Amino acid sequence: MTLSHEDIMRRQQDVQDALASAAREGQPIPAEAAADMEAYARGEITTDEIRRRAMARLQADPRYKKTNRAA
């Protein structure tokens, strides 16, 4: 994925804003998630990849408990 300089700058600002917002709200962002957000800002991964990685980390967390939903 090739991004323009303006796109990268906008994404970097968006990531900084999101991290600052989470910090203001007392919501810690895991280092792995922050690294994924930075990779997105640089155009190295997509938002779909961020979601995939986040779900993989969540499912690997022993505190995560899947629930069966009725169809």
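Listed by first and then second residue, the pairs with beta-carbon distance under 7 Å, at least 6 apart or on different chains, first residue in the range 1-17 and within 17 Å of ASP48 (Cβ to Cβ), second open to solvent by less than 50 Å² (accessible area, probe 1.4 Å) and not in a helix (DSSP H, G or I), are MET1/GLY43; LEU3/GLY43.
This table checks each residue for (1) aromatic (Phe, Trp, Tyr); (2) not in a loop (DSSP other than H, G, I, E, B).
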site: ASP7; (1), (2): no, yes
site: GLN13; (1), (2): no, yes
site: SER21; (1), (2): no, yes
site: ILE29; (1), (2): no, no
site: TYR40; (1), (2): yes, yes
site: ILE50; (1), (2): no, yes
site: GLN59; (1), (2): no, yes
site: LYS65; (1), (2): no, no
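The values are calculated or read from the model by the stated rules, or taken from the named source; none is laboratory data. Please read all numbers here as calculations on a predicted model, not as lab measurements. Here Cβ is always computed from backbone atoms with ideal geometry, including for glycine, and neighbour counts include all displayed protein chains. We work out accessible area using only protein heavy atoms, side chains counted, and drop any ligands, DNA or RNA first. Shrake-Rupley method; radii C 1.70, N 1.55, O 1.52, S 1.80 Å.
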